[in-house]
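Colleague: Here you go, one structure.
Read-outs throughout are calculated quantities, based only on the coordinates presented, and are distinct from any laboratory measurement. Because the structure is a prediction, the values reported are computed rather than measured. Reconstructed Cβ throughout: ideal geometry from the backbone, glycine too, with neighbour counts over all protein chains shown.
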Amino acid sequence: MSKAGKTFVCSECGGHTLKWQGQCPACGAWNSLEAGAAAPARRTGYAGEVKGLRLAELEQTDIERVPTGIGEFDRVLGGGLVTGSVVLIGGDPGIGKSTLLLQAAGGQPAAHKVLYVTGEESLQQIAMRARRLEVATEHLAVLAETCVEHLLAALQQEKPACVIIDSVQTLYSEDVASAPGSVSQLRETASQLVRFAKTTGTTVLLVGHVTKEGNIAGPRVLEHMVDAVLYFESESDSRYRILRAIKNRFGAANELGIFAMTDAGMREVKNPSAIFLSRHPEAVAGSVVTVSREGSRPLLIEVQALADQSSGGGNPRRLALGLDQNRLSMLLATLNRHAGVSAYEFDVFINVVGGVRISETSADLAALAATVSSLRDRPVAQTTVVFGEVGLAGEIRPVAFGEERLLEAAKRGFTHAVVPRGNLPKKPLQGIQITGVDYLRGALQALALT
Ligand code: TYD
Ligand code: MG
């Protein structure tokens, strides 16, 4: 910055320019530049020590974790709330963020003071909800405040061990001119809260709204600043909710927690495999069960395919829900070239049951098996599980944690498995007969689909 007082500030993103322009060069917003005061001192999220220290000299301290009393939530967090960490929880409106956090506030140990700060609901509404959910409230205080400076002053006095901010989009800082919820407000308020968390050891939970595009409003700005980012997902009309860790400095990313929304609030789903399998009375064509491993545990998930005569005139439809769309096109090309099964005259739809999104490649083989099963109208036995990555040469590649997946399948009563040869366990597993395959053709043979 050349001279103080000569900059223009974007009210959308907080970017600075030296001369006025119609469009902000940083975020592309129109007419958002305003003659600003001097660039405010750049504040960063956290810098605790000012001098470099040798790692070996640093004392090894175990991080302290506080349970929230909700097992699934604790697991997604990596084993409970880490003292002094900042966690962002995003999700569509009405998905249950406030409900879960209120329950998590009540579930913390009684000696743990929790302050629930709301900018969205009245204190009476929260009190009513807490009563209805039968949340323990002795250690729980509520505060209606949207100015971050006032909030921090209150926190200095109250000294809670954990603060819940519902939501971060309603907070504003007096130092920033733009409206609450704008990127520059989010950046400023969040960075003040992060600094507060790190210097005082207070745990901060931030609720974040999700935009139409599915990002937490304030593109990525918040995600970089916080220690963990959790997203709530659900299918539109399902009462099941999936909490997924997108980023976690203190635990496994991609960890999943499964809840059901009931009239008594969020209830944990203890045996999640059950909800991802639809129970057909007998085997049906187009349905194949796979074992996915999202996060730290294996999950049995049903992959369904429907291949239907295309009317698109050489332009068949490919639609994948819960799997990557581009990957589906690639897999279907592999199927044609390396197993001689053409789907060009068919529209192919893939659906992962239960609204879960599989982000790993282990579901490739199940997706193709389900497609061929639908094409040929030939079911795969209900007691068979299938997993493995399909390569472009038609090879079936091993995936991580093969044995763990097989054990889970055996535990849930599956008696047969078709898996990559590289995933064959060294010793046979009890109760499950495992066939190792090298190529797609062999895999379809093992499943009696050729
Ligand atoms: P809420 O936690 O307010 O969602 P968010 O904070 O993510 O916007 O939950 C809202 C929905 O949940 C609302 O439509 C009512 C429903 N709900 C229940 O079904 N059971 C309950 O016990 C509670 C508190 C809410
Ligand atoms: Mg809410």
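Colleague: Using alpha carbons only, how many degrees (0 to 90, rounded to 10) separate the axis of helix 97-107 from the longest principal axis of the chain?
Modeller: The helix 97-107 is inclined about 80 degrees to the chain.
Colleague: May I pose another question? Could you calculate the FRET efficiency of Ser342 with Arg129 from 1/(1 + (r/R0)^6), where r is the beta carbon distance between them and R0 is 51 Å, rounded to 0.05?
Modeller: Once rounded, the FRET efficiency stands at 0.35.
Colleague: Right, here's the next one. Note down the nm distance, to one decimal, between modelled labels 7 Å out along Cα→Cβ at Glu138 and at Ser122.
Modeller: Here the answer is 3.0 nm between the modelled labels.
Colleague: Run through the range 57-106 and list the GluC sites (Glu not before Pro) located in a DSSP loop whose Cβ has at most 16 other Cβ atoms within 10 Å.
Modeller: Those that pass, being in a loop and sparsely packed, are Glu59, Glu64.
Colleague: I would also like to ask the following. Helix 183-200 sits at what angle to the longest principal axis of the chain, using alpha carbons and giving 0 to 90 degrees rounded to 10?
Modeller: That helix lies at roughly 80 degrees to the long axis.
Colleague: Tell me what the chain gives for mean residue ellipticity at 222 nm when only DSSP H runs of n ≥ 4 count, each as -39,500 (n - 2.57), the sum divided by the residue total, rounded to 500 deg cm²/dmol.
Modeller: It comes out at -7000 deg cm²/dmol, rounded to the nearest 500.
Colleague: Under 14 Å Cα-Cα from Lys19, which aspartates and glutamates qualify once same-chain neighbours fewer than 8 residues away are excluded?
Modeller: In chain and number order, the partners are Glu34.
Colleague: Please report the Cα spread of the chain along all three principal axes, rounded to whole Å, starting with the longest.
Modeller: For the chain, the Cα spread along each principal axis is 73, 55, 51 Å.
Colleague: Shifting gears a bit: Restricting things to alpha carbons, tell me how big the range 262-350 is in terms of Rg and Dmax, in Å.
Modeller: In order Rg, Dmax, the Cα atoms of the range 262-350 give 16.6, 53 Å.
Colleague: Find the eigenvalues of the gyration tensor of the Cα atoms of the range 275-446, then list the square roots of 5 times those eigenvalues as equivalent ellipsoid semi-axes, largest first, in whole angstrom.
Modeller: 25, 17, 15
Colleague: Using only the Cα atoms of the range 118-250, build the gyration tensor, take square roots of its eigenvalues as a ≥ b ≥ c, and label the shape rounded, prolate or oblate: rounded if a/c is under 1.5, else prolate if a/b is larger than b/c, else oblate.
Modeller: Because its axes are fairly even, with a/c under 1.5, the range 118-250 counts as rounded.
Colleague: What is the range 73-166 by shape, rounded, prolate or oblate, if you read a ≥ b ≥ c off the alpha carbon gyration tensor as root eigenvalues and call it rounded for a/c under 1.5, prolate for a/b larger than b/c, and oblate otherwise?
Modeller: rounded
Colleague: Oh, and also: Mind running the shape call on the range 302-400? Use the C-alpha gyration tensor, a ≥ b ≥ c as the square roots of the eigenvalues: rounded below 1.5 for a/c, prolate if a/b tops b/c, oblate otherwise.
Modeller: Cα axes put the range 302-400 in the rounded bin.
Colleague: Counting other Cβ atoms within 10 Å of each Cβ, which trypsin sites (Lys or Arg not before Pro) in the range 260-353 have at most 13 and sit in a DSSP loop?
Modeller: Those that pass, being in a loop and sparsely packed, are Lys270, Arg279, Arg317.
Colleague: Residue by residue through the range 379-394, what is 3J(HN,Hα) from phi via Karplus (6.51 cos²θ - 1.76 cosθ + 1.60, θ = phi - 60°)? Round to whole Hz and write x for glycine and proline.
Modeller: x, 9, 3, 5, 9, 10, 10, 9, 8, x, 8, 9, x, 5, 8, x
Colleague: Among DSSP beta bridges whose residues both lie in the chain, state the antiparallel percentage, nearest 5.
Modeller: Antiparallel bridges: around 50 percent, rounded to the nearest 5.
Colleague: Using a 4.7 Å cut-off between beta carbons, which cysteines in the chain end up with no partner cysteine at all?
Modeller: Cys147, Cys162
Colleague: Please compute the length gained on full extension between Arg327 and Lys19, using 0.36 nm multiplied by the number of residues separating them and subtracting their Cα-Cα distance.
Modeller: That pair, Arg327 and Lys19, stretches by 106.3 nm at full extension.
Colleague: Given H placed 1.01 Å from N in the peptide plane, which residues other than close sequence neighbours of Val385 have an amide H under 5 Å from its amide H?
Modeller: His416, Ala417, Val418
Colleague: Hey, what do the phi angles of the range 73-85 turn into as Karplus ³J(HN,Hα) couplings, whole Hz, using 6.51/-1.76/1.60 and θ = phi - 60°, x for Gly and Pro?
Modeller: 5, 4, 5, 5, 6, x, x, x, 6, 7, 4, x, 8
Colleague: Could you tell me which GluC sites (Glu not before Pro) in the range 250-288 are loop residues by DSSP with no more than 13 other beta carbons within 10 angstrom of their beta carbon?
Modeller: Passing sites in the range 250-288 are Glu282.
Colleague: If you don't mind, another one. Output ³J(HN,Hα) for the range 303-318: one whole-Hz value per residue in order, computed from phi by the Karplus curve 6.51 cos²θ - 1.76 cosθ + 1.60 with θ = phi - 60°, and x for Gly and Pro.
Modeller: Per-residue couplings from phi come out as 9, 10, 10, 10, 10, 10, 3, 7, 10, x, x, x, 9, x, 8, 10 Hz.
Colleague: How far is helix 402-411 tilted, in degrees, relative to the longest principal axis of the Cα atoms in the chain, given as a value from 0 to 90 rounded to the nearest 10?
Modeller: Roughly 80 degrees between the two axes.
Colleague: Could you please rank Thr137, Thr262, placing first whichever residue has the fewest other Cβ atoms within 10 Å of its Cβ?
Modeller: Fewest-to-most Cβ neighbours within 10 Å comes out as Thr262, Thr137.
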